[in-house]
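In what follows, a structure is listed as structure tokens, so that the remarks can point back to it.
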Amino acid sequence: MHALLIEDDALVASGIVAGLRLHGITVDHVANAARAKAALDAHHFDIAVLDLGLPDEDGMALLSRLRRSGQSIPVLILTARDAVEDRVAGLQEGADDYLLKPFDLTELVARLQALLRRAAGRSTNLVQHGSLCFNPATQQVTLKGAAVELSRRELALLQALLNNPKRVLTPEQVKDSLYGFDESVESNALNVHIHHLRRKLGPGIVETIRGVGYRLGDPEP
Amino acid sequence: MTLRLRLMAIIGLSFTLLWAVTSVWMYVHVRSEFRDALDERLAASARMVAGLVAQLPETTATKSASPFSVLDVVAKDGVACEVRQANGGVIARTFDSPKGLGATSAGYSTRTINGQQWRSYTFEQNGKRVTTADRVERRLALLRNIVLSTAVPFLVAMVGSLIVLWFGIRKGLAPLESIRQALADRKPDATTPLRATRVPGEIRPLVHTINSLLDRTRGAIERERRFTGDAAHELRTPLTAVKTHIQVARLAEGEEKQRSLESAEVGVQRLQHTLEQLLVLARVEGPFNFGSEDLADGMEIARMALDGIVTEQRQRVHVAYQEHDRKVAVPRTLAVTTVRNLLDNALRYSPQNTPVKLDVSGSATAMAFSVLDEGPGMSAKDQGTAMARFWRHGSGQGSGLGLSIVDAIVKRFGGELELANRPSGGFKAELRLPVAGQDD
């Protein structure tokens, strides 16, 4: 999962970034609305965490601007304002969830996963793909009932594929799901991760569409 | 007492009183006119009878038949009449006239004969005396009839006008009543203005006053709500940082754990600073007494203010002190807070390598603390909002309460605060606090 955190307070942001990374989520942080817009335009994110009190533009205004421009990314609003009107306004402007500061990291992570699950059209947390089972909350993978050890990047890759079944992802989209945009990526790193994933979960897990990108393979019985 | 009853009492009473005086006056006038008219009639009757008697032949004058027919003319009008010889012998008399009616001198008189009051007129001509008379009782009855026949319509008209008055006042006060109703029907927290349409000119100022009051109330509620929201934000943000970093520290290990704990501590310091600032503000603006606190002179205040600043920042401050023996008439802790907040701002918003000057100089009435920096200054727009609570320039790390506190202290203790860009560049904040009297 690749999340964009839009939060102006550096101290809060560093805590959230560290916390989400510890839960296996790739996070990028921007401190104002202009940078948030630029980041969303340039990269693919699975989800956005938005603080309402931004220095250059109200978070709510940014949200409605994003929604008007056709941006459908799931958005969780994170704010210290607790008035009911604020919450209702946030949800009506196009937010998908609302979390009041201060919050529990585990709750934030659980809500992000729930939003993502919904965005992928699933209603249970466990992702079943043939004999493969993935639990986003615990980041555990089992194949025919046996646990499989995956690295952080491999998990992110698997999750990106599972969240977009039947869709072809370009190498750029896959990389965006795996890495923060300030991380340097080796040119063949993606191939290495795909190779490892195929070795651990069977060659059919990733389908290569030549010249276009990658797709989740058909489930194995 | 309702306005309606008041109006009714004032107008109704004066109305009734005026009419009562008028009617008494009219009655007195009518009565005397009436009396004159009846007296006039008596005299006319007497003269007419005398004239008729004089025309009768002398021989028949002593007979009783003819004079009686003459007297019938006046008797028909209800006037009693008696004709006498000059020596007192009665010649003729109407049948209802009492004995002794003519035993009087010429002119008008009122007498009681046989228990009845009579008003009579006696006229002498050619040795005959003609006396005509009315019963006073009949006169009074006649007068009563006249008074009664005019008084009844008069009373009806008066009661009618009081009723009309009652409804008129009610109708006239209807706009007030409708405003009252509109106010009574409102929800307690409604602050929308009353509509001023269809309201008479006299009441429009009232509606405007109510509306401007509502407007101010709405402003106050709005400010209060914003303050609560801002305070929640200012307290929750560092609290969130602390909580998140502590949770991260629990999950992480080694260096990352250490970093998170340090971040949590920074968050705690920020929270503490904001809380302290809020408490100072609450103390200054609240109904608390600072009377027993010590006063200090300018130098002492400047030194204590500097003590509250971290060492590496303190080295940037250059103090110029002009000797002055008077003490500042503001409790020491608050005076120190104002100066430190101004220094804090100057240090925070000017480049790290530039100096900040603190000039302390006193006059007979005030001690002036000027804080001068070499930073970018403040735009006119920012100067307008700088005193607002939780306002801070850009994403500065202050609590946003520093200048609000200075402003609150200055307002409470009668000082002055001037913010201005320096012509030579940089920013100047000049604070003038009142000094205590010589004896203190």
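The values are calculated or read from the model by the stated rules, or taken from the named source; none is laboratory data. As the structure is a prediction and not an experimental result, all values here were calculated from the model. Backbone-built Cβ (ideal geometry, glycine too); neighbour counts: all protein chains shown.
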Original post:
Name the residues in the range B:223-256 that are more than 7 Å from every other protein chain (Cβ to nearest Cβ), surrounded by fewer than 16 Cβ atoms within 10 Å (Cβ to Cβ), assigned to a helix (DSSP H, G or I) and more than 51 Å from the chain's Cα centre (by Cα), would you?
Top reply: B:Arg250, B:Gly254, B:Glu255
Original post:
So, of the residues in the range A:1-59 that are assigned to a loop (DSSP other than H, G, I, E, B) and touching a Pro at 6+ places or on another chain (Cβ under 9 Å), which turns out to be farthest from the other protein chains (Cβ to nearest Cβ)?
Top reply: A:Asp46
**OP:** Could you tell me whether any residue of the range A:24-38 is under 23 Å from A:Ala80 (Cα atoms), among the acidic types (Asp, Glu) and out of contact with any His (no Cβ under 8 Å at 6 or more places or on another chain)?
**Re:** no
**OP:** Among what's in the range B:397-416 and is in contact (Cβ under 8 Å) with a residue 24 or more places away in the chain and touching a strand residue (DSSP E or B) at 6+ places or on another chain (Cβ under 9 Å), pick the residue that is nearest to B:Val284 (Cα to Cα).
**Re:** B:Ile409
**OP:** Go through the range B:279-369 and tell me which helices (runs of 4 or more DSSP H), entirely inside it, have 1 or more residues that are under 45 Å from the mean Cα position of the chain (by Cα).
**Re:** B:332-348
**OP:** Being within 14 Å of chain A (Cβ to nearest Cβ), touching a helix residue (DSSP H, G or I) at 6+ places or on another chain (Cβ under 7 Å) and at pLDDT 80 or above narrows it down to one of B:Leu295, B:Leu271, B:Leu306, B:Leu281, so name that one.
**Re:** B:Leu271
Original post:
surrounded by fewer than 18 Cβ atoms within 10 Å (Cβ to Cβ), more than 14 Å from chain A (Cβ to nearest Cβ) and under 30 Å from B:Asn289 (Cα atoms), is that true of B:Ala436?
Top reply: yes
**OP:** Look at the range A:175-221 and say how many of its residues are touching a helix residue (DSSP H, G or I) at 6+ places or on another chain (Cβ under 7 Å), aliphatic (A, V, I, L, M) and surrounded by fewer than 18 Cβ atoms within 10 Å (Cβ to Cβ).
**Re:** 1
Subject >> Looking only at the range B:410-428, and only at residues there that are within 35 Å of the chain's Cα centre (by Cα) and buried (at least 18 other Cβ atoms within 10 Å of the Cβ), the one that is nearest to B:Thr338 (Cα to Cα) >> reply: B:Val410
Original post:
Is it the case that the range B:371-392 has a residue that's away from every other protein chain (no Cβ under 14 Å), part of a helix (DSSP H, G or I) and among the basic types (Lys, Arg)?
Top reply: yes
Subject >> Boolean, B:Gly100 is at positive phi, of a type outside the set (Val, Ile, Thr) and without any contact (Cβ under 8 Å) to a residue 40 or more places away in the chain >> reply: yes
**OP:** Within the range A:77-95, work out how many residues are surrounded by 20 or more Cβ atoms within 10 Å (Cβ to Cβ) and out of contact with any Gly (no Cβ under 6 Å at 6 or more places or on another chain).
**Re:** 5
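Residue-wise test of (1) outside any helix (DSSP H, G or I); (2) within 12 Å of chain B (Cβ to nearest Cβ).
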residue: A:Asp86; (1), (2): no, yes
residue: A:Gly94; (1), (2): yes, no
residue: A:Leu99; (1), (2): yes, yes
residue: A:Phe103; (1), (2): yes, yes
residue: A:Glu107; (1), (2): no, yes
residue: A:Ala110; (1), (2): no, no
residue: A:Arg118; (1), (2): no, no
Original post:
Is at least one residue of the range B:399-415 within 21 Å of B:Val336 (Cα to Cα), part of a loop (DSSP other than H, G, I, E, B) and within 14 Å of another protein chain (Cβ to nearest Cβ)?
Top reply: yes
Subject >> Every residue from the range B:78-105 that is modelled with pLDDT under 80 and either β-branched (Val, Ile, Thr) or in a strand (DSSP E or B) (or both) >> reply: B:Thr104
Original post:
If B:Thr365 satisfies every condition in (1) surrounded by fewer than 16 Cβ atoms within 10 Å (Cβ to Cβ); (2) farther than 18 Å from B:Thr338 by Cβ but one, which is the exception?
Top reply: (2)
Original post:
Name the residues in the range B:27-54 that are surrounded by 14 or more Cβ atoms within 10 Å (Cβ to Cβ), of a type in the set (A, V, I, L, M, F, W, C) and either farther than 19 Å from B:Ser109 by Cβ or without any contact (Cβ under 8 Å) to a residue 24 or more places away in the chain (or both), would you?
Top reply: B:Val30, B:Ala44, B:Met48, B:Leu52, B:Val53
